[in-house]
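Since the structure comes first, as structure tokens, the remarks are kept for the end.
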Amino acid sequence: ADVHGQVEARRALEVAAAGGHNVLMVGPPGAGKSMLAKRLPGILPPLTAAEAVDTSKVYSVAGMLPKGSALLRRRPFRAPHHSVSAIALSGGGGVPRPGEVSLAHNGVLFLDELPEFHRDALEILRQPLEDGAVTVSRASGSATFPCRFMLVAAMNPCPCGFFGHPTRQCTCTPYAISRYLQKVSGPLLDRVDIHLEVPPVDYEAMSSERGGECSADILKRVLAARALQQKRYAGTGVSCNAQLPGAMMRRVCRLTPAAARLMKAAFENLGLSARAYDRVLKVSRTIADLAGADVIDVQHVSEAVQYRSLDRKYWYST
């Protein structure tokens, strides 16, 4: 309810919470990217008993369990500074210890000012995002830590922050903009389900006495969508749409003929990779779940495709 305006961004984060999807937010300074990200845990479902045990194990190994508590009850929200090293992200040390990706297990890993992170730190995220686990090897031995987390990242569109701004002039050269954006690689972008543009908030929305819809109301819709997923994936080890393996995805992501034609057109016109296609399909399944639909229809696919077009505006046009 603290967020004024940003209707599209709020909707996208609701979809992300309902399906456990990764999100990248791009927008100028002061648009509310960090504010939105920090409120995401409020619309995520509570930890299940199994998730609480798994997450608590990671924190116990790291020596970070709260005093007097043997079990974590809230989903982790980790927000490391952009100066964090690759080892601190993935885990390491003389005796292997969990890194930030594992401390965010079953929760959210928030990376603000994404291009400011070291390139090797960002590239090390690719394997954990794909596998949900990371193996740390040292001379004393190796250890595998779970790291199934939601990646939520935020960044400016250029070094000065005002590229594409409706009223502020960007002072960056095209080369500076291109160099800045290329700090985030294509393979990493491909692993993010939802690409979201967060525009500046207009005066009417900011000055309005009414805020947005409260988190409790959004959480009810998220829980209803998650309940459908839990029933659908019972006994499979899959807890949400974002975790769908390829073999199962074709069976549960059934499209209407019109939706299939739209998906084909999007795949061909946008030049989607196989991984990007799968992620559009998973997001479409989540949007259909929020609508209570058994079969994915045109409106579900069209919304999901919109969440994959931002990289064409910035990365592939610079």
Checking Gly68, Gly32, Gly20 against a Gaussian network model of the chain (alpha-carbon springs below 10 Å), the top fluctuating residue turns out to be Gly68
What does the chain give for Rg and for Dmax, in Å, if only its C-alpha atoms count?
19.6, 60
Separation between the Glu204 and Arg11 pseudo-spin-labels, each 7 Å from Cα along Cα→Cβ, expressed in nm?
1.7 nm
Where does the charge balance sit around Pro146 when Lys and Arg score +1, Asp and Glu -1, over other residues with C-beta under 12 Å from its C-beta?
-1
Taking every pair of Cα atoms in segment 220-284, average 1/r, invert it to obtain the Kirkwood radius, and report Rg/Rh to two decimals.
1.01
Within straight-line cross-link reach of Lys33, aspartates and glutamates at Cα separation under 12 Å, skipping those fewer than 8 residues along the same chain
Asp112, Glu113, Glu197
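Quote the charge dipole size of segment 98-249 about the Cα centre in Debye, to the nearest 20; the model charges only the Cβ of Lys and Arg (+1) and of Asp and Glu (-1).
Values: 14 positive and 16 negative charges, 101 e Å.
In total the dipole reaches around 480 debye.
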Explain nothing, just compute: Karplus ³J(HN,Hα) = 6.51 cos²θ - 1.76 cosθ + 1.60, θ = phi - 60°, for every residue of segment 29-38 in order, whole Hz, x for Gly and Pro.
x, x, 6, x, 4, 5, 4, 5, 4, 6
Can you tell me, using C-alpha contacts under 8 Å and at least 6 residues apart, the relative contact order of the chain as a whole percent?
24 percent
Per-residue ³J(HN,Hα) for segment 69-83, Karplus 6.51 cos²θ - 1.76 cosθ + 1.60, θ = phi - 60°, Hz, x for Gly and Pro:
10, 9, 9, 6, 10, 10, 5, x, 10, 10, 9, x, 5, 5, 8
Among the lysines, select those whose C-alpha is under 22 Å from the C-alpha of Lys231, and discard any that sit fewer than 8 residues away in the same chain.
Lys220, Lys282
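Taking the Cβ-Cβ separation of Arg250 and Leu223 as r and a Förster radius of 25 Å, what is the calculated FRET efficiency to the nearest 0.05? Can you show the working numbers first?
Working: r = 27 Å, r/R0 = 1.07.
Approximately 0.40, to the nearest 0.05.
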Can you pull the percent of segment 207-318's accessible area that's carbon plus sulfur, 1.4 Å probe, other chains left in place?
53 percent
How many Å² of accessible area per residue for the chain, probe 1.4 Å?
46 Å²
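As an exercise, take the mean of 1/r over every pair of distinct alpha carbons in segment 142-225, invert it, and state the Kirkwood radius in angstroms.
Values: mean 1/r = 0.0589 Å⁻¹.
The Cα-based Kirkwood calculation yields 17.0 Å.
Once neighbouring chains are kept in place and the probe is 1.4 Å, which whole percent of the accessible area of segment 1-88 is contributed by carbon and sulfur? Don't skip to the end; give the middle numbers.
Working: 2320 of 4000 Å².
Solvent-exposed carbon and sulfur of segment 1-88 make up 58 percent of the total.
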Loop trypsin sites (Lys or Arg not before Pro), segment 198-285, which have at most 15 other Cβ atoms in a 10 Å radius of their Cβ (DSSP):
Arg210, Arg254
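Taking the Cα centre of segment 198-268 as origin and charging only Cβ (+1 Lys, Arg; -1 Asp, Glu), how large is the dipole, in debye to the nearest 20?
On the way: 11 positive and 6 negative charges, 162 e Å.
For this selection, approximately 780 debye.
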Tell me the label-point distance for the pair Val84, Ala293, using the 7 Å Cα-to-Cβ offset, in nm and rounded to one decimal.
3.6 nm
When a/c reaches 1.5 or more, the comparison of a/b and b/c decides; with that in mind, is segment 27-115 rounded, prolate or oblate per its Cα gyration tensor?
oblate
Quick calc, Glu268 & Asp131: beta-carbon distance into FRET formula, R0 35 Å, rounding 0.05, result 0.75
Computed helical MRE - 222 nm, the chain, DSSP H runs ≥ 4 contributing -39500 (n - 2.57), nearest 500:
-12500 deg cm²/dmol
Where does the Debye-calculated log10 I(q)/I(0) of segment 55-204 sit at q = 0.13, 0.16, 0.18 Å⁻¹, using only Cα point scatterers of equal weight, no solvent?
-0.67, -0.90, -1.06
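Work out the FRET efficiency for Leu71 and Ser142 from their Cβ-Cβ distance, taking R0 = 25 Å, and round it to the nearest 0.05. Intermediate results must be reported in sequence, preceding the final value.
Details: r = 27 Å, r/R0 = 1.08.
E between Leu71 and Ser142, to the nearest 0.05, is 0.40.
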Just to check I understand the Karplus step: with θ = phi - 60° and J = 6.51 cos²θ - 1.76 cosθ + 1.60, what whole-Hz values come out for segment 163-172, glycine and proline as x?
5, x, 5, x, 10, 9, 8, 6, 9, 8
Which whole-number percent of Cα pairs in segment 148-302 have a distance greater than 18 Å?
70 percent
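The values are calculated or read from the model by the stated rules, or taken from the named source; none is laboratory data. All figures in this text were calculated on a predicted structure; none of them were measured in a lab. A quick note on method: Cβ atoms are made from the backbone with ideal geometry, for glycine too, and the neighbour counts reach across all protein chains shown. With ligands, DNA and RNA removed, areas are computed over all heavy atoms of the protein, side chains included. Shrake-Rupley method; radii C 1.70, N 1.55, O 1.52, S 1.80 Å.
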